[in-house]
Amino acid sequence: PDCPGLERVSRTMPFHASNALLSKLPAKERCDSAELGQHLVDQHGSNCHLCEGSVQLNVDDLEADHHIPEAEGGPTTLHNLRLAHRECNRSKRNLSSALIRPFLRFRRFIREIGGRAKYDGAIRHWGTELGLSEISVNGRTLSYVFPDGSEGEVPIFEERCGKNANDKSFSYAYVKVPRSAIHNDDEVQPRFIRVNHVFAIYNDLRINPLHEPPSCRVAPKGSGGKVHLLLFDGQHKTIAT
């Protein structure tokens, strides 16, 4: 083939490029599947272009992915193709590489820590250091200071759990909470994160960002008067966001 850099071809690399893709290459770049795979390794290294994880060249099922998607006018040329895990490439669906990449990085992180994590474990992917919050109630106002230094006051609302006068009620407030303040509620929310559920919400948030906000409860005060904010509802939504 008249393609530079294709002399060293690994015939054992489980790389697959369809005949349809190969036929779209310009005439001067035509090559077979194994040659294309070796070229992508030589030019861009042995990391998946999408999840950015390392590629096991003799084990992983690999494909060529368009850096600029065909749907966005990206050409099928050696310059625009990248090495990707087949699973990562198939996960793109109708998303661009830029939009799918954050989710695939998160999925890889969960797998690398054993495939099971609750909210507290999952957010370590972002290097989040968790801290305690200062929460105080002054009449119908809630004051807060979060671990990242943000602070403020918001109104408190009250809602009755039933229609009768003696039914219990609960108080709540709407606050923009940094993830450094949010802890998993092991008592109320014992579930492990389901990665596919995160992806479904992540994909939907692009079209429908007006999801009901996740909910935290204020744990009893500990030493120093600071408290944990415990995420008891919406852990998948929080991670997707």
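Quick notes on this structure:
- Taking all Cα pairs closer than 8 Å and separated by 6 or more residues, the relative contact order of the chain comes to 13 percent.
- Rounded accessible area per residue of the chain, 1.4 Å, Å²: 58
- Of Asp32, Asp148, Asp167, the one that fluctuates the most in a GNM where the chain has Cα springs shorter than 10 Å: Asp167
- Annotation: Val195 carries an accessible surface of approximately 30 Å², with a 1.4 Å probe and no ligand, DNA or RNA atoms counted.
- Working from label points 7 Å from Cα in the Cα-to-Cβ sense, the His44 to Glu159 distance is 4.7 nm.
- Residue order for Ile113, Ile182 - accessible surface, 1.4 angstrom probe, largest first: Ile113, Ile182
- Annotation for the stretch 194-241 versus the stretch 93-164: alpha-carbon center distance of 5 Å.
- For the stretch 71-153, applying the loop criterion from DSSP together with a ceiling of 12 other beta carbons within 10 Å to the GluC sites (Glu not before Pro) yields Glu129.
- Candidates Thr141, Thr77, Thr128: whichever shows maximal mean-square fluctuation once the chain is modelled as a Gaussian network with Cα springs under 10 Å: Thr141
- Once the C-beta distance of Ser143 and Gln189 is scaled by a Förster radius of 30 Å, the resulting FRET efficiency is 0.70 to the nearest 0.05.
- The value of relative contact order for the stretch 36-152, using C-alpha pairs under 8 Å at least six residues apart, is 19 percent.
- Relative contact order [Cα under 8 Å, 6+ residues apart], the stretch 46-96, whole percent: 39
- Cleavage-rule hits, trypsin sites (Lys or Arg not before Pro), the stretch 119-199, DSSP coil, Cβ neighbours within 10 Å at most 13: Arg140, Lys163, Lys168, Lys176, Arg191, Arg194
- Take the Cα of Leu205, step 7 Å toward its Cβ, do the same at Arg179, and the gap between the two points is 0.8 nm.
- Estimated inter-spin distance, Asn166 and Ala71, nm [label 7 Å along Cα→Cβ]: 5.9
The values are calculated or read from the model by the stated rules, or taken from the named source; none is laboratory data. Fair warning: this is a prediction, and the values are worked out from it, not measured in the lab. We place every Cβ from the backbone using ideal geometry, glycine too, and count neighbours over all the protein chains shown. Surface areas here come from the heavy atoms of the whole protein model, side chains and all, with no ligands, DNA or RNA. Shrake-Rupley method; radii C 1.70, N 1.55, O 1.52, S 1.80 Å.
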